[in-house]
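The structure under discussion appears below in the form of C-alpha coordinates.
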Amino acid sequence: MSIATALAFIRGLPPHAYWGILSLAAIIPLLIAPPIAIGALSVLRLLTITIDRLDNCVRYDPLTGLLTRLYLLNQIREQLAIGGTFLMIDADHFKSVNDTYGHDIGDEALKCLANVLRAALPPDALAGRLGGEEFGVFLPAKANVEAAHLADALCNAMRRSGKIIAGHRINLTISIGVAQHRPSNTLEQTMKLADEALYHAKRTGRDRYHIAADNESDATPATASIRAHRERRLQQLAAANS
(Lines give C-alpha, C1' and ligand atoms only; values in the text may rest on other atoms or scores of the structure.)
Protein backbone atom coordinates (compact mmCIF):
# COMPACT_ATOMS: atom_id res chain seq x y z
CA MET A 1 0.00 0.00 0.00
CA SER A 2 2.81 2.43 0.85
CA ILE A 3 4.60 1.61 -2.43
CA ALA A 4 1.41 2.18 -4.42
CA THR A 5 0.88 5.56 -2.69
CA ALA A 6 4.46 6.61 -3.45
CA LEU A 7 4.17 5.62 -7.12
CA ALA A 8 0.95 7.62 -7.47
CA PHE A 9 2.92 10.83 -6.88
CA ILE A 10 5.41 10.11 -9.65
CA ARG A 11 4.31 12.21 -12.65
CA GLY A 12 4.40 10.73 -16.10
CA LEU A 13 4.77 7.15 -14.90
CA PRO A 14 3.17 4.90 -17.52
CA PRO A 15 0.39 2.62 -16.23
CA HIS A 16 2.23 -0.56 -17.27
CA ALA A 17 5.33 0.58 -15.35
CA TYR A 18 3.18 1.42 -12.34
CA TRP A 19 1.62 -2.04 -12.29
CA GLY A 20 4.94 -3.72 -13.06
CA ILE A 21 6.71 -2.11 -10.11
CA LEU A 22 3.75 -2.82 -7.86
CA SER A 23 3.70 -6.50 -8.94
CA LEU A 24 7.44 -6.84 -8.37
CA ALA A 25 7.10 -5.32 -4.90
CA ALA A 26 4.41 -7.87 -4.10
CA ILE A 27 6.39 -10.84 -5.47
CA ILE A 28 9.72 -10.12 -3.74
CA PRO A 29 8.46 -10.97 -0.20
CA LEU A 30 6.91 -14.16 -1.56
CA LEU A 31 10.29 -15.16 -3.04
CA ILE A 32 12.25 -14.33 0.12
CA ALA A 33 9.90 -15.74 2.75
CA PRO A 34 10.13 -19.50 1.92
CA PRO A 35 13.96 -19.72 2.14
CA ILE A 36 13.91 -17.79 5.42
CA ALA A 37 11.19 -20.06 6.81
CA ILE A 38 13.03 -23.20 5.66
CA GLY A 39 16.27 -21.94 7.21
CA ALA A 40 14.53 -21.17 10.50
CA LEU A 41 12.93 -24.63 10.59
CA SER A 42 16.30 -26.26 9.85
CA VAL A 43 17.93 -24.38 12.72
CA LEU A 44 15.05 -25.34 15.03
CA ARG A 45 15.37 -29.00 13.99
CA LEU A 46 19.13 -28.99 14.66
CA LEU A 47 18.54 -27.45 18.08
CA THR A 48 15.94 -30.11 18.89
CA ILE A 49 18.30 -32.91 17.81
CA THR A 50 21.14 -31.43 19.87
CA ILE A 51 18.96 -31.12 22.97
CA ASP A 52 17.75 -34.72 22.55
CA ARG A 53 21.33 -35.96 22.25
CA LEU A 54 22.42 -34.05 25.35
CA ASP A 55 19.40 -35.40 27.21
CA ASN A 56 20.35 -38.95 26.18
CA CYS A 57 23.90 -38.41 27.41
CA VAL A 58 22.57 -37.34 30.81
CA ARG A 59 20.07 -40.21 31.05
CA TYR A 60 21.76 -43.17 29.41
CA ASP A 61 25.14 -44.83 29.78
CA PRO A 62 26.72 -44.76 26.28
CA LEU A 63 28.18 -48.27 26.55
CA THR A 64 25.30 -50.30 27.97
CA GLY A 65 22.28 -48.15 27.19
CA LEU A 66 21.10 -48.41 30.81
CA LEU A 67 20.47 -45.38 32.99
CA THR A 68 23.44 -43.38 34.24
CA ARG A 69 24.20 -43.44 37.96
CA LEU A 70 22.95 -39.90 38.60
CA TYR A 71 19.74 -40.31 36.64
CA LEU A 72 19.06 -43.74 38.16
CA LEU A 73 19.38 -42.48 41.73
CA ASN A 74 17.16 -39.48 40.98
CA GLN A 75 14.51 -41.78 39.51
CA ILE A 76 14.71 -44.10 42.53
CA ARG A 77 14.22 -41.20 44.95
CA GLU A 78 10.96 -40.38 43.21
CA GLN A 79 9.77 -43.95 43.91
CA LEU A 80 10.93 -44.29 47.53
CA ALA A 81 7.57 -43.24 48.95
CA ILE A 82 6.00 -46.52 47.75
CA GLY A 83 8.95 -48.59 49.01
CA GLY A 84 10.86 -51.21 47.11
CA THR A 85 14.04 -53.24 47.03
CA PHE A 86 17.52 -52.33 45.77
CA LEU A 87 19.80 -54.83 44.03
CA MET A 88 23.54 -54.17 43.83
CA ILE A 89 24.98 -56.25 40.99
CA ASP A 90 28.65 -56.84 40.23
CA ALA A 91 30.36 -58.87 37.49
CA ASP A 92 32.56 -61.56 39.01
CA HIS A 93 36.30 -61.56 38.28
CA PHE A 94 35.82 -58.76 35.78
CA LYS A 95 39.39 -57.48 36.10
CA SER A 96 40.68 -60.82 34.85
CA VAL A 97 38.38 -60.52 31.81
CA ASN A 98 39.96 -57.19 30.89
CA ASP A 99 43.47 -58.45 31.65
CA THR A 100 43.05 -61.68 29.67
CA TYR A 101 40.98 -60.60 26.68
CA GLY A 102 41.36 -56.81 26.55
CA HIS A 103 39.04 -53.94 27.34
CA ASP A 104 37.11 -54.28 24.08
CA ILE A 105 35.97 -57.77 25.11
CA GLY A 106 35.37 -56.42 28.62
CA ASP A 107 33.01 -53.86 27.07
CA GLU A 108 31.19 -56.64 25.25
CA ALA A 109 30.85 -58.48 28.56
CA LEU A 110 29.25 -55.41 30.14
CA LYS A 111 26.85 -55.12 27.20
CA CYS A 112 25.96 -58.77 27.67
CA LEU A 113 25.21 -58.16 31.34
CA ALA A 114 23.06 -55.14 30.45
CA ASN A 115 21.11 -57.24 27.94
CA VAL A 116 20.48 -59.88 30.61
CA LEU A 117 19.06 -57.18 32.89
CA ARG A 118 16.83 -55.76 30.16
CA ALA A 119 15.47 -59.20 29.29
CA ALA A 120 14.79 -60.37 32.85
CA LEU A 121 13.63 -57.25 34.68
CA PRO A 122 9.93 -56.32 34.97
CA PRO A 123 8.75 -53.20 33.07
CA ASP A 124 8.60 -51.00 36.17
CA ALA A 125 12.15 -51.82 37.32
CA LEU A 126 14.79 -49.09 37.25
CA ALA A 127 18.22 -50.30 36.11
CA GLY A 128 21.45 -48.40 35.62
CA ARG A 129 25.20 -48.62 35.56
CA LEU A 130 26.72 -47.32 38.78
CA GLY A 131 30.26 -47.39 37.41
CA GLY A 132 32.78 -49.89 36.07
CA GLU A 133 31.29 -53.39 36.28
CA GLU A 134 28.76 -52.41 38.95
CA PHE A 135 25.04 -52.06 38.27
CA GLY A 136 22.04 -51.06 40.36
CA VAL A 137 18.42 -52.13 40.08
CA PHE A 138 15.44 -50.82 42.04
CA LEU A 139 12.16 -52.74 42.16
CA PRO A 140 9.40 -50.33 43.20
CA ALA A 141 6.91 -51.67 45.75
CA LYS A 142 8.63 -55.08 45.79
CA ALA A 143 9.70 -56.93 48.95
CA ASN A 144 12.69 -59.19 49.58
CA VAL A 145 10.84 -62.35 48.57
CA GLU A 146 10.03 -61.07 45.08
CA ALA A 147 13.50 -59.56 44.74
CA ALA A 148 15.12 -62.86 45.72
CA HIS A 149 13.26 -64.71 42.95
CA LEU A 150 14.41 -62.10 40.45
CA ALA A 151 18.01 -62.15 41.73
CA ASP A 152 18.08 -65.92 41.33
CA ALA A 153 16.71 -65.61 37.79
CA LEU A 154 19.35 -62.99 36.95
CA CYS A 155 22.18 -65.22 38.18
CA ASN A 156 20.85 -68.12 36.11
CA ALA A 157 20.39 -65.98 33.00
CA MET A 158 23.87 -64.49 33.32
CA ARG A 159 25.38 -67.93 33.77
CA ARG A 160 23.81 -69.00 30.46
CA SER A 161 24.47 -65.82 28.48
CA GLY A 162 27.98 -65.29 29.87
CA LYS A 163 29.44 -68.60 28.71
CA ILE A 164 30.57 -67.29 25.31
CA ILE A 165 31.04 -63.56 24.74
CA ALA A 166 32.36 -62.18 21.46
CA GLY A 167 33.63 -65.63 20.52
CA HIS A 168 35.52 -66.18 23.79
CA ARG A 169 34.65 -68.68 26.52
CA ILE A 170 34.47 -66.32 29.47
CA ASN A 171 31.86 -67.93 31.73
CA LEU A 172 30.93 -64.58 33.18
CA THR A 173 28.78 -64.66 36.32
CA ILE A 174 27.38 -62.04 38.67
CA SER A 175 26.97 -61.57 42.40
CA ILE A 176 24.00 -59.67 43.82
CA GLY A 177 23.28 -57.94 47.11
CA VAL A 178 19.61 -57.39 47.94
CA ALA A 179 18.26 -54.84 50.44
CA GLN A 180 14.66 -53.84 51.00
CA HIS A 181 14.21 -50.12 51.55
CA ARG A 182 12.89 -49.12 54.95
CA PRO A 183 11.00 -45.84 55.47
CA SER A 184 13.41 -44.86 58.24
CA ASN A 185 16.43 -45.22 55.93
CA THR A 186 17.81 -42.97 53.24
CA LEU A 187 18.54 -44.32 49.78
CA GLU A 188 22.24 -44.22 50.58
CA GLN A 189 21.72 -46.39 53.67
CA THR A 190 19.72 -48.91 51.64
CA MET A 191 22.46 -49.00 49.03
CA LYS A 192 25.08 -49.63 51.74
CA LEU A 193 23.08 -52.58 53.01
CA ALA A 194 22.84 -53.96 49.47
CA ASP A 195 26.55 -53.34 49.02
CA GLU A 196 27.42 -55.28 52.17
CA ALA A 197 25.10 -58.09 51.08
CA LEU A 198 26.90 -58.11 47.73
CA TYR A 199 30.24 -58.57 49.44
CA HIS A 200 28.79 -61.40 51.50
CA ALA A 201 27.81 -63.08 48.22
CA LYS A 202 31.36 -62.49 46.93
CA ARG A 203 33.00 -63.90 50.05
CA THR A 204 30.84 -67.05 50.03
CA GLY A 205 31.66 -68.09 46.48
CA ARG A 206 30.25 -65.57 43.97
CA ASP A 207 27.66 -66.40 41.30
CA ARG A 208 24.90 -66.00 43.88
CA TYR A 209 22.80 -63.45 45.73
CA HIS A 210 22.51 -62.55 49.40
CA ILE A 211 19.69 -60.70 51.17
CA ALA A 212 20.73 -58.05 53.68
CA ALA A 213 19.30 -58.35 57.19
CA ASP A 214 18.46 -55.16 59.07
CA ASN A 215 21.18 -55.83 61.63
CA GLU A 216 23.85 -56.01 58.91
CA SER A 217 24.16 -52.26 59.25
CA ASP A 218 25.90 -52.91 62.62
CA ALA A 219 29.39 -53.23 61.26
CA THR A 220 31.96 -55.67 62.59
CA PRO A 221 35.60 -54.55 62.13
CA ALA A 222 35.87 -56.70 58.99
CA THR A 223 32.65 -55.33 57.56
CA ALA A 224 33.69 -51.79 58.41
CA SER A 225 36.96 -52.29 56.53
CA ILE A 226 35.12 -53.64 53.52
CA ARG A 227 32.62 -50.80 53.66
CA ALA A 228 35.38 -48.17 53.78
CA HIS A 229 37.08 -49.75 50.79
CA ARG A 230 33.81 -49.87 48.87
CA GLU A 231 32.94 -46.27 49.69
CA ARG A 232 36.33 -45.08 48.44
CA ARG A 233 35.83 -47.11 45.25
CA LEU A 234 32.33 -45.77 44.66
CA GLN A 235 33.57 -42.22 45.18
CA GLN A 236 36.36 -42.81 42.65
CA LEU A 237 33.87 -44.22 40.14
CA ALA A 238 31.48 -41.32 40.69
CA ALA A 239 34.33 -38.81 40.19
CA ALA A 240 35.41 -40.59 37.00
CA ASN A 241 31.86 -40.52 35.61
CA SER A 242 31.16 -36.90 36.51
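Within the set Ser225, Ser184, the sole residue that is over 18 Å from Asp152 (Cβ atoms), of a type outside the set (Val, Ile, Thr) and at pLDDT below 55 turns out to be Ser225. Look at Ile164 and say whether it is out of contact with any helix residue (DSSP H, G or I) (no Cβ under 6 Å at 6 or more places or on another chain), among the hydrophobic types (A, V, I, L, M, F, W, C) and at pLDDT 95 or above. Yes, satisfied. Of the residues making up the stretch 149-172, those that are under 19 Å from Tyr199 (Cβ atoms) and surrounded by fewer than 17 Cβ atoms within 10 Å (Cβ to Cβ) number 1. Please state which of the following conditions Leu139 fails to meet, knowing it meets all the rest: (1) touching a Lys or Arg at 6+ places or on another chain (Cβ under 8 Å); (2) under 17 Å from Leu73 (Cβ atoms). Here Leu139 clears every test but (1).
Take the conditions (1) modelled with pLDDT under 95; (2) in contact with a Ser or Thr (Cβ under 8 Å, 6 or more places away or on another chain); Arg159 misses just one of them, which is (1).
Restricting attention to the stretch 144-181 and to residues that are free of Cβ contacts under 8 Å to residues at least 60 places away in the same chain and part of a loop (DSSP other than H, G, I, E, B), the residue that is farthest from Asp207 (Cα to Cα) turns out to be Gly167.
Which one is most open to solvent (accessible area, probe 1.4 Å), of the residues in the stretch 110-131 that are modelled with pLDDT of 95 or more and small (Gly, Ala, Ser)? Out of the qualifying residues, it is Ala119. Contact map, the stretch 62-75: residues that are touching a residue at least 12 places away in the same chain (Cβ under 8 Å) and in a helix (DSSP H, G or I) paired with residues that are open to solvent by 50 Å² or more (accessible area, probe 1.4 Å) and β-branched (Val, Ile, Thr), Cβ distance under 9 Å, separation 6+ or inter-chain. Pairs shown: Leu70/Val58; Tyr71/Val58.
The values are calculated or read from the model by the stated rules, or taken from the named source; none is laboratory data. Model, not experiment: these values are computed from the prediction. Here Cβ is always computed from backbone atoms with ideal geometry, including for glycine, and neighbour counts include all displayed protein chains. Accessible surface is based on the protein model in full, side chains and every heavy atom, while ligands, DNA and RNA are left aside. Shrake-Rupley method; radii C 1.70, N 1.55, O 1.52, S 1.80 Å.
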